[in-house]
Amino acid sequence: MKLFRRKPAFTDARGAITDILDGVPLNAVTIITNKKGAVRANHYHKKTVQYTYVLSGRVKYVSKGKGRATSAILRPGDLAVSPPTEWHATEALTDATFLALAHGLRHGRDYEKDTFRLAEPLIKPKKARK
């Protein structure tokens, strides 16, 4: 995982302009909302680069390439990049919203063609309380 802390490129009295990606072709831009404690992903893509950009809340992002798993706490304005074959998973530490941006097959009807579930999850969902 590569992690970028995006800052506004331009700010004035009206607000700010922040470039999330520049010069990167995309096949999908998806908004994902999460309730606190929600675990998502626990998969990888063989041909797709996935960009995760946090809009609100805090998200634990775990990824595993060829080495050990690494994790980061993402906040609004943070961008995590997972290249092809890198395992990745998220856990919402608060109610959170993020964008999943993809360059590759991971979109629309072809989503499952390049999404491979992990036999052993990076983040295990917590059991529901009774």
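Bear in mind that the values in this text are calculations on the coordinates, not laboratory data. Quick caveat: nothing in here was measured; it's all calculated off a predicted structure. Methodologically, a virtual Cβ is constructed for each residue, glycine included, from the backbone with ideal geometry; neighbour enumeration extends over all protein chains shown.
When each of 79, 118 is tested for being touching a residue at least 60 places away in the same chain (Cβ under 8 Å), of a type in the set (A, V, I, L, M, F, W, C) and over 17 Å from residue 43 (Cβ atoms), the lone residue that passes is 79. Among the residues making up the stretch 16-55, a single one is of a type in the set (Gly, Ala, Ser) and in contact with a Phe, Trp or Tyr (Cβ under 8 Å, 6 or more places away or on another chain): 16.
Of all residues in the stretch 50-66, those that are farther than 14 Å from residue 79 by Cβ have Cβ atoms under 8 Å from Cβ atoms of residues that are of a type in the set (Asp, Glu) and part of a strand (DSSP E or B), 6 or more apart or on another chain, in 60/91; 62/91.
Matching residues to (1) part of a loop (DSSP other than H, G, I, E, B); (2) among the aromatic types (Phe, Trp, Tyr); (3) over 16 Å from residue 3 (Cα atoms):
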{"residue": "61", "(1), (2), (3)": "no, yes, no"}
{"residue": "66", "(1), (2), (3)": "yes, no, yes"}
{"residue": "79", "(1), (2), (3)": "no, no, no"}
{"residue": "89", "(1), (2), (3)": "no, no, no"}
{"residue": "94", "(1), (2), (3)": "yes, no, yes"}
{"residue": "101", "(1), (2), (3)": "no, no, no"}
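Set side by side, the residues 51, 61, 111, 44 differ, and just one is of a type in the set (Ser, Thr, Tyr), surrounded by 15 or more Cβ atoms within 10 Å (Cβ to Cβ) and out of contact with any strand residue (DSSP E or B) (no Cβ under 8 Å at 6 or more places or on another chain), which is 111.
Residues checked against (1) assigned to a strand (DSSP E or B); (2) on the phi < 0 side of the Ramachandran plot:
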{"site": "71", "(1), (2)": "yes, yes"}
{"site": "85", "(1), (2)": "no, no"}
{"site": "112", "(1), (2)": "no, yes"}
{"site": "119", "(1), (2)": "no, yes"}
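Residue count for the stretch 71-113 under the criterion of being farther than 17 Å from residue 39 by Cβ and polar (S, T, N, Q): the result is 1.
Filtered by the rule that a residue be among the aliphatic types (A, V, I, L, M), surrounded by 14 or more Cβ atoms within 10 Å (Cβ to Cβ) and out of contact with any Lys or Arg (no Cβ under 9 Å at 6 or more places or on another chain), the stretch 2-25 gives 3, 21.
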